Amino acid sequence: MAKPQINVYRASVENYWLKMLIYGKPGSGKTTLGATADDHKLTKNVLFLNAEGGLLSVTNREPTPLAVDINSYQDMEDIFWWLANEEYKEDKLDINTVVIDSGTEIQNMNLESIVKDKMGQKTRQGKERTGIDDVWLEDYGDSTTQLRRMYRRFRDLPMHVIITCLEGRTQDKDKTEQVHPLMTPKLRESICGYVDIVGYLYTDEKEGDDGNNKTERKMLCQEYGKFFAKDRSPLGKLGMIMTNPTMPKIMNKLIGGNS
């Protein structure tokens, strides 16, 4: 029997790869925040996996982030293997951060691919699908299994990974509203377990010194009331709320130092 190869190491911020999920309403600044990873020495050279088709907000940046359009779930599989395969190292342009924009749309694509693959099949009761929008409960289970595996692979890449997501609102059995990333419950639970930071991004209007309203972007970093968020860093280094968050601000708080 071959001797197992065991890699024992001490956790260190010098070898730290941030895994983060940012969620919020459309227009709250999720894509813009992901693009600021180009402004920190440890996270610069960003690749957007563009499933939303909404990169206009970052086209005025210098440098403009690299992007790959995601038109199907298979594209995600292909990009993962391209990033993970050492043979393609010279093609990767020293990418240090991958932004999956967005996880909500990736799940929609995955469900669509599952339904397409099952068109023409019947249930044991003889039920047939009426079309591509006829999604069955079992399809959600298959999707969760596939997406868990995909996100776990991306989590294990030796690079920073940022997932954006729309916000979802549900009510628990006591009719209490909860705000969370817009994914199915089991998938959401898994992904939030994979990442170190879950930030809720929102805008806040307040009156400025000149009497005019001023809009600030804020990120909730710890769970508060109905809003889900988390910061797994020691003693919650990001604090409760970060005003005008950027990736340099986040990285400097997590690992110390300057960008």
Residue match in the range 160-174 (condition: outside any strand (DSSP E or B) and under 22 Å from Thr31 (Cα atoms)): no
Unmet requirement for Thr145, which otherwise passes all of (1) without any contact (Cβ under 8 Å) to a residue 24 or more places away in the chain; (2) closer than 26 Å to Pro26 by Cβ; (3) out of contact with any Pro (no Cβ under 7 Å at 6 or more places or on another chain); (4) assigned to a helix (DSSP H, G or I): (2)
Test: residue in the range 122-134 that is among the β-branched types (Val, Ile, Thr), modelled with pLDDT of 95 or more and closer than 30 Å to Ala67 by Cβ: no
Boolean, Ser113 is among the hydroxyl-bearing types (Ser, Thr, Tyr), part of a loop (DSSP other than H, G, I, E, B) and on the phi < 0 side of the Ramachandran plot: no
Those residues of the range 185-217 which are in a loop (DSSP other than H, G, I, E, B) and closer than 14 Å to Tyr151 by Cα, in sequence order: Val195, Asp196
Whichever residue in the range 93-151 is within 27 Å of Arg188 (Cα to Cα) and small (Gly, Ala, Ser) and, among such residues, is surrounded by the most Cβ atoms within 10 Å (Cβ to Cβ): Ser102
Those residues of the range 175-184 which are among the β-branched types (Val, Ile, Thr) and in a strand (DSSP E or B), in sequence order: Val179
Whichever residue in the range 39-76 is more than 17 Å from the chain's Cα centre (by Cα) and acidic (Asp, Glu) and, among such residues, is nearest to Thr97 (Cα to Cα): Asp39
Of all residues in the range 14-54 being assigned to a helix (DSSP H, G or I) and small (Gly, Ala, Ser), the one that is farthest from Asp75 (Cα to Cα): Ala37
Residue match in the range 175-193 (condition: touching a residue at least 60 places away in the same chain (Cβ under 8 Å) and either charged (D, E, K, R) or exposed (fewer than 13 other Cβ atoms within 10 Å of the Cβ) (or both)): no
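The values are calculated or read from the model by the stated rules, or taken from the named source; none is laboratory data. It should be emphasised that the depicted structure is a prediction, and the values quoted were computed from it without experimental measurement. Don't worry about glycine lacking a Cβ; one is built from the backbone with ideal geometry, like all the others, and counts go over all protein chains shown.
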